[in-house]
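Structure, as structure tokens:
The values are calculated or read from the model by the stated rules, or taken from the named source; none is laboratory data. Source: prediction; values computed, not measured. Quick reminder, even Gly has a Cβ in these numbers, built from the backbone with ideal geometry, and neighbours come from all protein chains shown. Surface areas here come from the heavy atoms of the whole protein model, side chains and all, with no ligands, DNA or RNA. Shrake-Rupley method; radii C 1.70, N 1.55, O 1.52, S 1.80 Å.
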Amino acid sequence: MKKKSNVKIVSPYEVQHYLFSFPGIRKRSEEAAVRMAVKSMYPGNTDVCTDYISGKNSAVAFAVSKDKLSEYLKSDSVIFAAPQLIQKKVPTGTVLCIFEDCILVQATNDRNIVFLKTYNRNENILDAVKEELSGKKIDSGEIRIFSAAEHVWPEIQEYASDNGVLIEPMEKLLSKKSRKIPSLFSVNRTSSYAGIIFFIFTCALLTACILTFIYRKHRMQSLENVFVNNSRVLEKLQKQKIKVSETDEDYHTKEKLIFGAGCVLSELQKIDNTMVLDSFRLRENSFTAEGRCVSAAVLMKSIKSSVLFDSVVLKNVRPGKSGDNFVLEAKIAE
């Protein structure tokens with residue numbers, strides 16, 4: 001790709017970056033799940049445009065207000081996000097992208113993004129990254145550093161010098177391999193029909209869940225009648241019932257992830273509208289979220305009062321440039 005003055009790699013503070021993990025979700029449901037999650041996490045009530053890239057078990061979403069995107073379009077800027085380019089340029093390893101106002105750290109394993117987080121300039125970045133990657137049992141692999149900042153942080157310069165790591169210009173991410181990468185928001189995911197499509201999709205899922213519940217209830221009743229009449233059939237049907245229950249539970253769990261993510265994120269936004277999340281992982285009955293808010297103490301007090309969450313744990317609380325950084329773990333109340 002030829003370098004042009006209007007090609008821009010945006011920082012996470014210009015365009016929000018989010019890492020989502022939706023294990024087991026169908027590809028055709030991925031875009032709707034990403035939209036729902038971003039809508040719950042994006043600060044404020046501004047109309048938001050979304051784009052995303054997929055990994056094997058994850059998705060990285062990008063969000064920006066429509067007004068901000070219009071400014072880019074009016075200035076004829078072609079914009080990229082660093083994770084788009086890193087996924088192609090460094091399929092396995094850890095990359096530090098240095099911007100004027102922050103640093104983005106991304107760990108990728110076979111093109112699957114397993115770690116993505118933004119740090120403020122005043123943080124002890126390298127120690128924090130090593131601690132978090134170690135805690136998540138992620139192998140950092142080869143570390144590469146790209147910079148778009150006029151002055152590289154002394155800590156990063158010292159690390160690069162001691163370990164023989166070259167600090168490369170950010171423009172180097174725009175290699176020949178990036179020619180096939182569509183620029184950010186160039187794929188139309190923000191059409192006026194998006195709301196209608198999302199509404200139809202949600203209604204279809206709700207209808208499917210209701211029909212599945214009715215069908216299962218009717219089938220279980222039929223099985224119970226057969227059990228009473230024939231003991232030998234009872235034994236066979238008990239085995240079949242276990243297999244069917246496992247299949248239904250697997251289906252229910254996958255579909256529940258789509259709604260569960262939206263419900264949890266919506267509740268978090270109601271509890272503290274100053275909260276900005278960097279990553280979110282939903283399991284069957286629990287979740288882990290990383291981000292920042294004005295006050296971790298106020299957040300902890302508010303979230304414990306929510307009837308939706310149990311066993312709330314707030315850890316790794318560190319003061320940052322715009323508030324407290326935190327890692328939140330909680331169970332979803334039954």
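Suppose a student asked you for the relative contact order of segment 8-128, using Cα pairs under 8 Å spaced at least 6 residues apart; what percent would you report?
After rounding, I find 25 percent.
With a 1.4 Å probe and all protein chains kept in place, how much accessible area does Glu329 have, in Å² rounded to the nearest 10?
Rounded to the nearest 10, that gives 60 Å².
How much FRET efficiency would the formula 1/(1 + (r/R0)^6) give for Ala333 and Asn57, where r is the Cβ-Cβ distance and R0 is 22 Å, rounded to 0.05?
After rounding to 0.05, the efficiency reads 0.25.
Note down the magnitude of the dipole of segment 71-116 about its Cα centre, charges +1 on Lys and Arg C-beta and -1 on Asp and Glu C-beta and zero elsewhere, to the nearest 20 debye.
Dipole size: approximately 260 debye.
Once the piece of chain linking Lys74 and Val312 is laid out straight, how much longer is it, given 0.36 nm per residue of separation minus the C-alpha distance between them?
So the chain would gain 81.1 nm between Lys74 and Val312.
By accessible area of protein heavy atoms, probe 1.4 Å, what ranking do Cys102, Cys263, Cys203 get, highest first?
So, going from the largest accessible area down, we get Cys263, Cys203, Cys102.
Can you order the peptides 296-304, 67-75 by their average number of other Cβ atoms within 10 Å per residue, highest first?
Packing proxy ranking, top to bottom: 296-304, 67-75.
I need the shape label for segment 15-69. Rule: rounded when a/c is under 1.5, else prolate if a/b > b/c, else oblate, with a, b, c from the alpha carbon gyration tensor.
Verdict is prolate for segment 15-69.
Hey, what's segment 1-117 come to in accessible area per residue, 1.4 Å probe, Å²?
Heavy-atom accessible area per residue stands at 41 Å².
Shape call for segment 18-162 from the C-alpha gyration tensor, a ≥ b ≥ c root eigenvalues: rounded (a/c under 1.5), prolate (a/b greater than b/c) or oblate?
It is oblate, given that a/c is not under 1.5 and a/b is not larger than b/c.
Mind checking the full-extension length gain between Asp101 and Thr207? Use 0.36 nm per residue of separation minus the Cα-Cα distance, one decimal, nm.
33.5 nm
Under the definition of Cα pairs under 8 Å and six or more residues apart, what whole-number percent is the relative contact order of segment 78-145?
Computed over segment 78-145, the figure is 32 percent.
Say each of Ser322 and Glu150 gets a label point 7 Å from the Cα, pointing the same way as Cα to Cβ; how far apart are those two points in nm?
With each label point 7 Å from Cα toward Cβ, the separation is 2.2 nm.
Counting only the heavy atoms of the protein chains, how much of Tyr13 is accessible to a 1.4 Å probe, in Å² to the nearest 10?
Looks like 70 Å² after rounding.
How much of the accessible area of segment 44-85, in percent, comes from carbon and sulfur atoms when a 1.4 Å probe is used?
43 percent
Show me 53-61, 157-165 ranked by packing, highest mean number of other Cβ atoms within 10 Å first.
Most protected by this proxy first, the peptides run 53-61, 157-165.
Residues with amide H under 5 Å of Thr92's amide H, sequence separation 5 or more or different chain, H placed in the peptide plane at 1.01 Å from N; which?
Asp110, Arg111
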